[in-house]
Amino acid sequence: MPTETTTPQTPEVQDRAPVPAAPARVNGRWTGYRQLLWVRLLELKREPEIVFWVFGFPLLLSLGLGIAFRNKPVDTTSVAVVAGNDAAKTMTMLRGSSGHSVIHAAVLEREAALKGFHFGKFDLVVEPNADGSYTYYYDPARPESVLSRAEIDAALQAAAGRKDILATSTQASSEPGSRYIDFLIPGLIGMSLMNSGMWGIGFSLVDMRQRKLMKRFVATPMRRSDFLLAVMSSRLVLMVIEVGLLLVFGMLVFHMPVAGSIMSVVVLGSIGAVAFGGVGLLTACRAQKVESVSGLINLVMMPMWIFSGVFFPYEHFPTMAQPFIKVLPLTALNDALRATILEGASLASQSGRLLVLVLWGGLSFLLALRWFRWT
Amino acid sequence: MGSPIECTNLRKTYDGKIEAVRGLSLRIEAGECFGLLGPNGAGKTTTIEILEGVLAATSGEVRIFGHSWDENPRQLREWIGISLQETRLSEKLSVRETIELFASFYREPRPTAHVLEELQLTEKADSWVGKLSGGQKQRLAVATALVGNPRILFLDEPTTGLDPQSRRQLWDIVRAFQKKGGTVLLTTHYMDEAERLCDRLAIVDHGVIIAEGTPPDLIDRLGGHHVVEFETSGSQNGYGLDVWQKLPGVESVRHEDSAVCLNVREPHLTIPALLAAVNQQGQQLEHLSTRQASLEDVFVNLTGRHLRED
């Protein structure tokens, strides 16, 4: 509040600079913003570690997981047959069954068979008894073990002469679009947006605060809004690269179909990047040391890694937890990405999820601005 | 138009208990190089950061060219250039990129090439900041302060930790800025820096100014322009300092470790009398030196402590 009424609105008019003016260049309104953004991108380019963690790591992860889950033959089951008089007969029965192509059976001593079963090498142990009956050892908590019991039982019963009364036929469905890798890549895009939003904004802001660089900046006529805007814009630039790389990678390497429009994916990515940028900003708004903000970032991201359906569908969690899971920003982003990429859903149909994201980003941003510490 | 920097009754209390600045008033005139001299923890950095508008005072008033920081902070920031005590600029940007970045914040910055030239950084323009020596980094920090074409330059401990050559280079830069009409406020705990560079000084201790004036003026107020320092063997402190105080021409006396320091107006009168007194007490003179009094002596006389305790 000016106390002197004589103070003019723009005081520089009456003040002659005591320092002789050098050949002037005049900066426009956005020069500072443009330079801040440029410098941020330059610095990023010069940090090989960051380039790896932001771009390389998600690609490696999807490559590794994609290969691991693609190469696993879907229906094979490994069983151990306990050595004894009837072992050879059992093996013949299994081999002769209609499902023999998916059954890997081996004859082992009882102890070795059970040990292999406990370590997950076998899904089932089959022990022929002296009276011609069979005992199955299986683990009801392991889906593949349960499956294996049904499979083997059917094979043995059929070989022993049981007739199927009902005629059935099956059709395998592992078309691109419904495989694990197709589920995974949109999840990885979401996770990658979260990671780089939280680390790229949260960590780097605290680092600048700790280095007193932020204090130095606010001691210049720099507009604080320009600074935050540049930070957010650099996220958007990176987002396009991150999302693009993963999408193209999925399409080329795993022939992932992209049903939705690229434009929708980019819009979704932007909203996601800005939402997590806001959360990152809030996480970093007070912290003075990078160590403390690292802990905070992990704390914020941990529930989303687990619950938001990056690697497996969150429907596995109890029904009671579902409403909480669905309001997490990463859940909303992953669901929207999957719907758009895999099912070709329109953005309008995702408005609920977009609202979740916008609320997270907007509220965090407002709170962050309120609490933000520049020095 | 008011003077470049003026503050009255500045106070800063951290967390409601630590009083870093306790009622400090200053007025710095245009074209002046003014120094805040004091030991670490005296409140110099707090004071300069309040004046720079980076830190809010608990109470008191600051005026930059007659304007307060609430009025039009962006305009005031156009007028000032700052080097903070410990800013770590981005290591992976080049010197030129760093200066360009800071230039972009000002309405009418100076050409980068001029600033590079003036700060003797032209050769290093394309090196990464991380590769610079301490002196070069400090010059770059000052370059980021000068690129906005400021009228006031604030330097917080600009030469701490620098080698003598780098210090002299920085002094030259400050003098050149002053010669062009700029006003400088710097903090330092080096008395030689304060003595050589500053037109006027305020000696700060425990958050208040304990003396203010030109360096010769402050030394004058000490009484003697010369310091006679000596040590005697078997020097029992039993004799006390009053023996020496009574010698002709002695203004004040103090112990300095095992030696005795006399502030003396006319050494040619004091020294013969001193020799005679030592003889008379049957002591041996171990060591005797005379030198010009310095700001350090002023500080020690005022506070009983040295500027640098290390």
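Ranking A:162, A:223 from most to least accessible surface, computed with a 1.4 Å probe over the protein chains only, gives A:162, A:223.
Can you give me the C-alpha center-to-center distance between region B:149-195 and region A:307-360, rounded to a whole angstrom? One Cα centre to the other: 59 Å. Residue order by solvent-accessible surface for A:360, B:171, A:53 is A:53, A:360, B:171, largest first, with ligands and nucleic acids left out and a 1.4 Å probe. Take the Kirkwood radius over Cα pairs of chain B, plug it into Stokes-Einstein at 10 °C and 1.306 mPa s, and you get 74 µm²/s for translational diffusion. Remark on region B:1-119: ratio of C-alpha radius of gyration to 2.2 N^0.38 Å is 1.20. Each Lys or Arg adds one and each Asp or Glu subtracts one; over the other residues with Cβ under 13 Å from the Cβ of residue A:113, this totals -1.
Highest mobility in the GNM of chain A, judged by mean-square fluctuation with C-alpha springs under 10 Å and restricted to A:343, A:151, A:315, is found for A:151.
Stokes-Einstein diffusion of region A:76-159 at 20 °C, 1.002 mPa s viscosity, Kirkwood radius from Cα pairs, rounded to a whole number: 173 µm²/s. The listed residues B:306, B:114, once ranked by accessible area (1.4 Å probe) with the largest placed first, stand as B:114, B:306.
For the protein assembly as shown, the pair-distance distribution built from all alpha carbon pairs, in bins 20 Å wide starting at 0, is 14, 31, 25, 15, 11, 3, 0 percent. Dipole magnitude for the protein assembly as shown: about 1700 debye, using +1 per Lys or Arg Cβ and -1 per Asp or Glu Cβ, origin at the Cα centre. In units of the rule-of-thumb radius 2.2 N^0.38 Å, chain A shows an alpha carbon radius of gyration of 1.44.
Between B:192, B:257, B:70, the residue with the greatest mean-square fluctuation in the GNM of chain B (Cα pairs under 10 Å linked by springs) is B:257.
To check you understand DSSP bridge types, tell me what percent of the beta bridges within chain B (both residues inside) are antiparallel, rounded to 5. So the antiparallel bridges amount to about 70 percent of the total.
Across A:193, A:359, A:347, mean-square fluctuation computed from a Gaussian network of chain A (C-alpha pairs under 10 Å connected) peaks at A:359. Taken over region A:176-371, the convex hull of the Cα atoms encloses 118 Å³ per residue.
What shape does region B:126-172 take by its C-alpha gyration tensor, where a ≥ b ≥ c are the square roots of the eigenvalues and a/c under 1.5 counts as rounded, a/b above b/c as prolate, and the rest as oblate? Cα axes put region B:126-172 in the oblate bin. Here the contact order of region A:92-234, divided by its residue count and restricted to Cα pairs under 8 Å and six or more residues apart, works out to 17 percent.
Per-residue SASA remark: residue A:127, around 30 Å² accessible (1.4 Å probe; ligands, DNA and RNA not included).
In percent, rounded to a whole number, the relative contact order of chain B is 19, using alpha-carbon pairs under 8 Å and six or more apart.
Computed FRET efficiency, Cβ-Cβ of residue A:366 and residue B:18, R0 45 Å: what is it to the nearest 0.05? Calculated transfer efficiency: 0.85.
With one equal scatterer per alpha carbon and no solvent term, the Debye-computed log10 I(q)/I(0) for region A:236-310 at 0.18, 0.19, 0.23 1/Å reads -0.89, -0.94, -1.11. The modelled label-to-label distance between residue B:91 and residue A:67, using points 7 Å beyond Cα along the C-beta direction, is 3.4 nm. Over region A:266-316, the reciprocal of the mean inverse Cα-Cα separation, the Kirkwood hydrodynamic radius, stands at 12.4 Å. Mean separation of Cα pairs under 8 Å and 6 or more residues apart, divided by the residue count, gives chain A a relative contact order of 18 percent. Computed with a 1.4 Å probe over protein heavy atoms only, the accessible surface of chain B comes to 42 Å² per residue.
Gap in Å between the Cα centre of region A:160-229 and the Cα centre of region B:40-91? If you average the Cα positions of each part, the centres end up 42 Å apart.
The values are calculated or read from the model by the stated rules, or taken from the named source; none is laboratory data. This is a predicted model, so every value here is computed, not measured. With ideal geometry, Cβ positions are generated from the backbone for all residues, glycine too; neighbour counts draw on all protein chains shown. Note: areas computed on protein heavy atoms with side chains; ligands, DNA, RNA excluded. Shrake-Rupley method; radii C 1.70, N 1.55, O 1.52, S 1.80 Å.
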